Every structure is written in C-alpha cells, then in structure tokens.
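Read-outs throughout are calculated quantities, based only on the coordinates presented, and are distinct from any laboratory measurement. Note that the structure is a prediction, hence the values are computed from the model and not measured. Here the Cβ positions follow ideal geometry from the backbone for every residue, glycine too, while neighbour counts run over all protein chains shown.
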Amino acid sequence: MRTILSVLIALFSLQAVAQVPEVTLTRLDCGNGSNDPRRFSDTFAYTETTKPFTFSCYVIKHGADTMVWDTGYLPGSVPNATNKPLTDLLKQINVDPDQVKYVGISHFHADHTGQLAPFRNATLLIGKRDWDGVNANPPMAGANVKGFSQWIAEKRKVEPLSADKDVFGDGSVMLLRAPGHTPGHSILLVRLKDKGAVLLLGDAVHFQENYDHDGVPGFNYDRAQTLASIQRVKQIEKNLKATVIIQHDPRDIGKLPAFPAAAH
C-alpha cells in the first residue's frame with residue numbers, strides 16, 4: 001500500500017511540474033537620455049548636474065500567454081523617447097499586440113504609459129489609486145491622461161489593484177504594491193527557472209545610489225511610503241536572492257540578456 005501511495009505521489013509531483021509553463025523575460029529599449037540627478041534627492045545628495053537615464057519596457061512570456069510591463073514614452077513625444085514604436089520591437093520577438101493578455105503598468109507617468117494603445121485585447125493591470133488619479137476630475141498631477149484616453153474611451157478591460165496580484169495564478173509573475181512615487185505605484189516580481197527571482201522596480205527608485213542610501217525624490221507623492229517600499233524591495237531581494245533591476249539606471253541593463261534574447 002505504501003509503495004502504491006509513493007508512486008501516486010511521485011506521479012502527481014511530475015504532473016504538477018509538467019503543468020508549470022516556461023517563463024521568460026525580455027528587456028526592450030524604450031529610450032535613452034540624461035537627467036539632472038539633483039531632482040531625485042530631497043536631501044541634496046547629488047552635486048552633479050547630469051546623469052545617464054534609460055527607459056525600459058519588458059515582455060514576459062508565460063507559456064502561451066504574454067504580458068508587457070511598462071510601455072515607455074510615445075515615440076517622438078520628447079527627446080528621450082525612442083523613435084521606434086514598441087510594436088516594431090515586439091514584432092522582432094514574434095509578439096502580436098492583439099495577442100497580449102496583460103499590460104502591467106508600474107505607475108501612471110508618461111514615460112511608462114505612452115504606448116498603451118496597440119494592446120486592444122489586453123487587461124490593464126494598474127494600482128487602484130493610480131487608476132483613480134487618471135480618472136479624477138481634475139486628474140491627479142502627473143497622470144498621463146492622454147496615454148490612457150483610448151483605453152478609457154473604448155472601455156477596454158482594466159483591473160485596478162488594491163493588493164498584490166498573482167498574475168498567472170502560480171506565483172511566477174506577481175504585481176506587488178510599492179506606493180510612494182505615485183499613490184498606486186507597483187513593482188513586478190518574475191521568477192525564472194535559471195536566473196531565479198527578478199524584481200523590476202518601475203520608479204520605486206531611479207538610481208542605484210538612491211536604492212543603497214534610501215534616497216527619495218522631492219517630487220514623489222509620499223516620502224514615508226517611498227521608504228517603506230524600498231525596504232520591502234530590500235527584504236524581497238534578501239529572502240529570494242533576487243536580481244534587482246532599476247529600470248531607469250543604465251548600469252542595470254546588462255543584468256538581462258541583450259535584445260532580442262530573453263532570460264530564462
């Protein structure tokens with residue numbers, strides 16, 4: 001009887017493993033430029049007047065399903081924006097925007113929400129307080145209402161999140177609350193078979209120095225929430241031995257394979 005039970009447990013375990021789909025993560029270049037780092041510290045931590053700044057978008061493939069994380073500026077809208085549409089980059093990795101299941105947004109600023117329009121069939125995942133800020137009258141300061149206008153006008157699918165979300169139900173991709181930069185700011189945890197856990201920080205921090213020294217930009221929505229979110233990220237990094245990717249820091253680009261390759 002014990003032998004039969006052991007076999008059944010083993011078969012169940014093998015079946016469970018077989019049902020876990022492959023998860024990959026690809027970085028897309030959504031712009032480059034520079035910024036004045038003095039804006040990013042309310043304790044006057046920076047003396048230099050310029051610092052390299054990058055804009056990153058990401059694609060997560062979960063078996064047959066695809067998720068896009070952040071969409072960059074609208075091409076040509078500002079000098080830092082790439083002139084290559086996100087859809088062109090997706091085509092190079094065989095992703096049809098109409099087939100994208102989820103678009104996750106770290107927060108409502110224009111450099112993360114400029115190219116939402118092509119994803120007509122996706123469900124938008126966004127922090128509820130950011131979604132409320134976009135739809136407020138008047139909208140919350142900094143909310144890229146234009147970027148969301150088509151989504152709202154066409155009544156596309158949206159899931160405003162007031163808690164963490166297990167996107168595919170198996171713990172491999174999770175939107176985690178990290179308010180402070182904006183009221184509904186989120187980060188993304190992706191668990192990869194080979195690379196392990198990866199944290200995409202949105203704008204929880206903008207530079208490695210701010211992460212190391214708990215730096216807070218003066219323009220953030222809430223200072224205390226920002227610090228609490230940074231501490232959450234640091235604990236996740238420690239507990240999961242995660243790779244932390246600061247999306248605006250060009251020094252972190254090399255933590256993932258160069259496009260069009262993906263991390264596994």
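Among the residues of the range 50-66, the ones that are surrounded by fewer than 24 Cβ atoms within 10 Å (Cβ to Cβ) and more than 23 Å from G142 (Cα to Cα) come to 7 in all.
The rows are residues; the columns are (1) assigned to a strand (DSSP E or B); (2) over 26 Å from H264 (Cα atoms); (3) of a type outside the set (S, T, Y).
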position: K61; (1), (2), (3): yes, no, yes
position: T66; (1), (2), (3): yes, no, no
position: T71; (1), (2), (3): no, no, no
position: P75; (1), (2), (3): no, yes, yes
position: P79; (1), (2), (3): no, yes, yes
position: L90; (1), (2), (3): no, no, yes
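Are any of the residues in the range 127-150 of a type in the set (D, E, K, R), in a loop (DSSP other than H, G, I, E, B) and over 22 Å from V233 (Cβ atoms)? No, the range 127-150 contains no residue that is of a type in the set (D, E, K, R), in a loop (DSSP other than H, G, I, E, B) and over 22 Å from V233 (Cβ atoms). Do you know which residues across the range 150-180 are touching a Ser or Thr at 6+ places or on another chain (Cβ under 8 Å), closer than 23 Å to R223 by Cα and among the aliphatic types (A, V, I, L, M)? Within the range 150-180, L161, L175, L176, A178 qualify.
Conditions tested, residue by residue: (1) in contact with a Leu (Cβ under 9 Å, 6 or more places away or on another chain); (2) among the charged types (D, E, K, R); (3) under 25 Å from L199 (Cα atoms).
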{"position": "G72", "(1), (2), (3)": "yes, no, yes"}
{"position": "A81", "(1), (2), (3)": "yes, no, yes"}
{"position": "D98", "(1), (2), (3)": "no, yes, no"}
{"position": "K101", "(1), (2), (3)": "no, yes, yes"}
{"position": "G114", "(1), (2), (3)": "yes, no, yes"}
{"position": "R129", "(1), (2), (3)": "no, yes, yes"}
{"position": "A141", "(1), (2), (3)": "no, no, no"}
{"position": "K155", "(1), (2), (3)": "no, yes, no"}
{"position": "D164", "(1), (2), (3)": "yes, yes, yes"}
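When the range 191-229 is filtered for residues that are of a type in the set (V, I, T) and farther than 29 Å from A263 by Cα, only V216 remains. Restricting the range 98-123 to residues that are of a type outside the set (G, A, S) and surrounded by fewer than 20 Cβ atoms within 10 Å (Cβ to Cβ), which is farthest from R156 (Cα to Cα)? Only one residue fits best here, namely Q99. Residue count for the range 27-49, restricted to those that are among the polar types (S, T, N, Q), in contact with a helix residue (DSSP H, G or I) (Cβ under 9 Å, 6 or more places away or on another chain) and either buried (at least 16 other Cβ atoms within 10 Å of the Cβ) or part of a strand (DSSP E or B) (or both): 2. The residue that is farthest from S172 (Cα to Cα), among those in the range 215-255 that are outside any loop (DSSP other than H, G, I, E, B) and basic (K, R), is R223. Filtered by the rule that a residue be among the acidic types (D, E) and in contact with a strand residue (DSSP E or B) (Cβ under 6 Å, 6 or more places away or on another chain), the range 185-239 gives a lone residue, E237.
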